[in-house]
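The structure under discussion appears below in the form of structure tokens.
The values are calculated or read from the model by the stated rules, or taken from the named source; none is laboratory data. This structure is a prediction, so every number in the text was calculated from the model and none was measured. Cβ coordinates were reconstructed from backbone atoms using ideal geometry, including for glycine residues, and neighbour counts include every protein chain displayed. Only protein heavy atoms, including side chains, enter the accessible area calculation; ligands, DNA and RNA are left aside. Shrake-Rupley method; radii C 1.70, N 1.55, O 1.52, S 1.80 Å.
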Amino acid sequence: MGQPSIVEVDYHVLVGKLKQAADTGCLIERTDKDKWKAYVEENQIRETSLIAFGKVKFSRGAPVPVAIVMAGEWAGCYVYSDKDEAALKYVPAT
């Protein structure tokens, strides 16, 4: 079994996908504590590592973790910064 990885994704595409996910009820934000905790546990997300990578990558804005829970390649857990216009995706071990 491999290690999870964190990869850079196109921020502008992610913003569109986040809007689409929010409009269809398929977005989980960290502020929704119960859903977020369940998602992180179920998918074995290393939340601390993801946020730490965001802090290193983003120089102007705080990392914002979110999860898209719909079918497709954009489903998954992300951290992004609007001020930096940058985003990272957590890719689970396979």
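Within the range 82-94, if we keep just the residues that are open to solvent by less than 50 Å² (accessible area, probe 1.4 Å) and assigned to a loop (DSSP other than H, G, I, E, B), the residue that is farthest from residue 17 (Cα to Cα) turns out to be 93. Taking the listed residues 22, 38, the one that is farther than 19 Å from residue 91 by Cα, at pLDDT 95 or above and part of a helix (DSSP H, G or I) is 22, with no other qualifying.
Just so you know, in the range 43-81 the residues that are at pLDDT below 95 and of a type in the set (A, V, I, L, M) include one that is most open to solvent (accessible area, probe 1.4 Å), and it is 56.
Within the range 1-19, the residues that satisfy the criterion of being modelled with pLDDT under 95, in contact with a strand residue (DSSP E or B) (Cβ under 8 Å, 6 or more places away or on another chain) and more than 11 Å from residue 78 (Cα to Cα) are 4, 5. Kindly evaluate residue 16 against the criterion of being touching a residue at least 60 places away in the same chain (Cβ under 8 Å) and of a type in the set (Gly, Ala, Ser). Judged against the criteria, residue 16 is not a match.
Looking across 14, 50, 27, one residue alone is within 18 Å of residue 93 (Cβ to Cβ) and out of contact with any Asp or Glu (no Cβ under 9 Å at 6 or more places or on another chain). It is 50.
Could you look through the range 1-29, keep only residues that are of a type in the set (D, E, K, R) and closer than 24 Å to residue 57 by Cα, and pick out the one that is surrounded by the most Cβ atoms within 10 Å (Cβ to Cβ)? Only one residue fits best here, namely 17.
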